[in-house]
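The structure appears below as structure tokens.
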Amino acid sequence: MNIIAESSSTRTEWVVVDGTNVVEHAFTKGINPFFQTRREISHCIRLELPEAFFKKRWDHVYFYGAGCTNIDKKRIIEASLIAQFKTPVTVESDLLGAARGLLVNQEGIACILGTGSNSCVYDGTDIVRNITSGGFILGDEGSGSALGKLFLGDCLKNLAPRYLIDEFYEKYSMTPDMVMTAVYSSPFPNRSLSTFSFFLSEHLDDEYVESLVRSNFTSFIERNILQYGNYRDYQIAFVGSCACLYEPILRDVASQYDMSISKIVRGSMPGLIQYHNDNQ
């Protein structure tokens, strides 16, 4: 039996599987080695996972996570997992997890639109091309953190509709100074920005909100997918909360670029379970 984990900066989903049968299932906070030390990651795993995850030695732990973009960051996660589970560990990026979860053994373009964003061309096993995400400061177009950044910026500069600004501050019991503190003093600023963006999903009938979401998805497609010159030759699939919340707008924007979206799902886990069962 194996453990499979899929982590964004916001949430980590964990399963113990026997083939395709899920034996244990749990969620913890997101894990990201860019924002957390090895000790903090180990603390999160040990204290937030149910004891059932530690009752025996499993065959293997497969971890797919945000921030696992180079060998040094992967080693931070790997060391924490080995310390907790005493089991062989494989750490890969959340993007490879998304590709395997969305497409399993088929080729295509896999996209993440959640707290952050990313995309890749996948050959059925591995990533063969990737446009660098850039993270929440230099990229993450189409994501919840990008939406949150755009909306909060408009609130602070009084560019969003007045009624939305007032309702936002009232709902979250915040002032402009408190927004600045929440973003710039947060250990996970991208998570904070994405959380605030969920406010927009309650106001999609507002012209300003609809335009903001639409331009955010347009930016993702133009700055990421269009760079794969042969993108029309592939099926394109999306995973993530932002893709799901605004699915009608995403599909409409994609159709303007002659893109056919094959799948939009909130999480990659069902496909990851299938992938690892098929490729034992």
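Based on DSSP, what percent of beta bridges with both residues in the chain are antiparallel, to the nearest 5?
Close to 55 percent.
What does the highest-first list of 158-164, 74-80 look like by mean Cβ count within 10 Å?
Values: 158-164: 13.7, 74-80: 20.1.
Per-residue mean Cβ counts within 10 Å order the peptides as 74-80, 158-164.
Test of the criteria: in the range 1-97, which chymotrypsin sites (Phe, Trp or Tyr not before Pro) are in a DSSP loop and have at most 16 other Cβ atoms within 10 angstrom of their Cβ?
On the way: sites: Trp14, Phe27, Phe34, Phe35, Phe53, Phe54, Trp58, Tyr62, Phe63, Tyr64, Phe85; in loops: Phe34, Phe35, Trp58.
Passing sites in the range 1-97 are Phe34.
Looking at the chain, the accessible area is 45 square angstrom per residue; that uses a 1.4 Å probe and ignores ligands, DNA and RNA.
Mind giving me the FRET efficiency for His60 and Arg223? R0 is 25 Å, r the Cβ-Cβ distance, nearest 0.05 is fine. The value I calculate is 0.10.
Report in % the part of the accessible area of the chain that belongs to carbon and sulfur, leaving out ligands and nucleic acids; probe 1.4 Å. Working shown, then result.
Working: 6220 of 12650 Å².
Looking at the chain in its full context, I get 49 percent from C and S.
Go ahead and estimate [θ] at 222 nm for the chain from helices alone: -39,500 (n - 2.57) per DSSP H run with n ≥ 4, summed, over the residue count, rounded to 500.
Working: 12 runs with 122 residues, N = 280.
That calculation yields -13000 deg cm²/dmol at 222 nm.
Seen through its C-alpha gyration tensor, with square-root eigenvalues sorted a ≥ b ≥ c, the range 241-280 comes out oblate because a/c lies at 1.5 or above while a/b is not bigger than b/c.
Taking a straight line from the alpha carbon of Lys263, these aspartates and glutamates sit under 13 Å away, with near neighbours fewer than eight places off in the same chain left out: Glu247.
Counting only lysines at least 8 places from Lys157 when in the same chain, those with an alpha carbon closer than 24 Å to its own are Lys149, Lys171. With Cα atoms as the point set, the radius of gyration and Dmax of the range 58-185 evaluate to 19.0, 56 Å. With N the number of residues in the range 80-141, Rg(Cα) / (2.2 N^0.38 Å) evaluates to 1.28. For Rg/Rh (Cα atoms, Kirkwood Rh), several values are listed as (i) 1.03; (ii) 0.98; (iii) 0.95; flag the one computed from this structure. The value computed from this structure is option (ii). Note on the chain: with a GNM built from Cα contacts shorter than 10 Å, the maximum mean-square fluctuation among Met174, Met269, Met259 falls on Met174. Our Cα-only numbers for the range 103-252 put the radius of gyration and Dmax at 16.3, 49 Å. Stretching the chain fully between Ser185 and Arg162 yields a gain of 5.7 nm (0.36 nm per residue, less the alpha carbon separation).
Applying 0.36 nm per residue to the separation of Glu170 and Tyr257 and subtracting their alpha-carbon distance, the gain on full extension is 27.5 nm.
State the antiparallel share, in %, of DSSP beta bridges confined to the range 1-118, rounding to the nearest 5.
Details: 16 of 27 bridges.
For the range 1-118, the DSSP antiparallel bridge percentage is about 60.
The values are calculated or read from the model by the stated rules, or taken from the named source; none is laboratory data. Here the structure is a predicted model, which means the values were calculated and not measured. In this analysis, Cβ positions are derived from the backbone assuming ideal geometry, glycine residues included, and neighbour counts consider all displayed protein chains. Accessible surface is based on the protein model in full, side chains and every heavy atom, while ligands, DNA and RNA are left aside. Shrake-Rupley method; radii C 1.70, N 1.55, O 1.52, S 1.80 Å.
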